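Worksheet: the structure to be examined is printed underneath.
Computed from the coordinates by the stated procedures, all read-outs in this text should not be read as laboratory data. What you see is a predicted model, and the numbers here were worked out from it, not measured in a lab. Glycine also receives a Cβ, built like all others from the backbone with ideal geometry; neighbour counts cover every protein chain displayed.
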Amino acid sequence: MVRVVCPSTAEKSDCKDLKFRVEEGDIFAVPRFHPMAQMSFNNDSFVFMGFSTTTEKNYPQFLAGKNSVLHTLNKQILALSFNVTQTTIDQLLSPQRDSVILECTSCAEEEERAMKEEIEREKEKEKEKEEEEAKKREEEEEERQEEEAKKREEEAKKREEEEAAKRAEEEAKEREEEKKRQEEEAKKREEEEAAAREREEEKREQEAAQREKEEAVQREQEEDMKQEEARKRAEEEAAREREEEKREQEEAREREEAAQREQEQEQAEREQEQEEAAQREQAEEARKRAEEKRREEGGGGGKSEEEEAAARKTEEEKSEQEAAQKREEAAQREQEEAYETRRRKGT
């Protein structure tokens, strides 16, 4: 067993005591300024010894002294290998006068047991440390996952805010573009309306000039027409006057004719009445003569008087009918003459 102790000047956090077991043929090195003890097991040979570079003397041992196997190697190479000077190598390989070997019963076994216990403790500590580290890693992983989830939430929230801001910016940009487009369209419409108004105004002016021209032509035509109409009216008026004069002459002639016809009719009626009166007188005289004759003859006078009365009545009715027919014919002639007179006046 080999035990290496940290020097008193070393920091506990930087240095640690070591215990380890070596077998035949093993080679090991101890750090500089670290005290070392070698212990053999009970009933076992002391198969090796170590050396130190911190003391002036090295005790006889297999790797040091006059019989060291290191004599087969170049001293310079050994010095470089051990990171020491060549003088130190010379001291290592030189024979030593004294040696220190102390008796310690079961020290190696105790050291091995302590080493194993320490190894077990180290394993337990390592296991606990690994468990703690695993738990810590789990906690760190959970914390990392929580942080990542929180970070993802924050990033998602940030993305949403950025997207909302971007959407708001895009909407504002779209509204601005829409406003600009509407302004451009309004400006374009105003320009088109102004151009249309100019064209309309020009068209109205042309139409007004054309209307004035047409109205002037029309006024001239109307003036000519008025003059022509005045001439025609004068001619018509003269014609109407001539027609009126002619109609008045016709009416005067017709009145004369009507008066003449009335006179003739009255004359005819008087003549007819005179003739009827003469006929009645003749009939009366004939009746009287017949009556006288009947009276003279005697006998059947009553019946003859009745017959004569009936005959007289019949003749009177016939005379009245003829007079009424003549009056109707005279009235019809008057109506026809009046109609003809109105017709002439209308034309």
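For the reader, a short list of remarks on this structure follows.
- Using the Cβ-Cβ distance between GLU23 and LEU80 with R0 = 41 Å, the FRET efficiency computed as 1/(1 + (r/R0)^6) comes to roughly 0.90.
- Three-way shape label, region 222-282, alpha-carbon gyration tensor, a/c 1.5: prolate
- Dipole in debye (nearest 20) - the chain, about Cα centre, beta carbon charges: Lys, Arg +1; Asp, Glu -1: 4640 debye
- Bridgeable lysines around LYS213 (alpha carbons under 17 Å apart, same-chain partners fewer than 8 residues away excluded): LYS203.
- Viscosity 1.567 mPa s, temperature 4 °C, Stokes-Einstein D of region 149-209 from Kirkwood C-alpha radius, µm²/s: 83 µm²/s
- Note on LYS158: aspartates and glutamates with a C-alpha under 20 Å away, same-chain residues under 8 apart excluded, are GLU146, GLU147, GLU148, GLU169, GLU170, GLU171.
- Whole-number percent relative contact order across the chain, with pairs defined as alpha carbons under 8 Å at least 6 apart: 9 percent
- Top positive-direction residue, dipole computed over region 94-243 with Cβ charges, set GLN221, SER106, GLN206: GLN221
- Fluctuation leader among ARG219, ARG287, ARG175 - the chain, Gaussian network, Cα springs under 10 angstrom: ARG287
- Treating r as the C-beta distance of THR72 and GLU118 and R0 as 22 Å, the FRET efficiency rounds to 0.05.
- Fully extended contour minus Cα-Cα distance, from VAL217 to SER40, at 0.36 nm per residue: 48.5 nm
- Anchor LYS16: lysines whose Cα lies under 29 Å away (excluding residues fewer than 8 positions away in-chain): LYS57, LYS116, LYS123, LYS125, LYS127, LYS129, LYS135, LYS136
- Global geometry of region 190-328, whether rounded, prolate or oblate, following the gyration tensor of its Cα atoms and the 1.5 cut on a/c: oblate
- The slack in the chain from GLU266 to ALA156, taken as 0.36 nm per residue of separation less the alpha-carbon distance, amounts to 26.1 nm.
- Here the 3J(HN,Hα) profile of region 277-283, calculated from phi with Karplus coefficients 6.51, -1.76 and 1.60 at θ = phi - 60°, is 4, 5, 4, 5, 4, 4, 5 Hz, Gly and Pro shown as x.
- Counting other Cβ atoms within 10 Å as a rough exposure proxy, the listed residues ILE89, ILE77, ILE119 run ILE77, ILE119, ILE89 from fewest neighbours to most.
- What the phi angles of region 83-91 give under the Karplus curve with 6.51, -1.76 and 1.60, with θ = phi - 60°, is a coupling list of 6, 10, 7, 5, 4, 4, 5, 4, 5 Hz, glycine and proline written as x.
- For the chain, the fraction of alpha-carbon pairs lying more than 39 Å apart is 73 percent, rounded to a whole number.
- For MET225, MET1, order by how many other beta-carbon atoms lie within 10 Å, fewest first: MET225, MET1
- 3J(HN,Hα) from dihedral phi, region 236-244, Karplus parametrisation 6.51/-1.76/1.60, rounded to Hz, x for glycine, proline: 5, 4, 5, 5, 5, 4, 5, 5, 5
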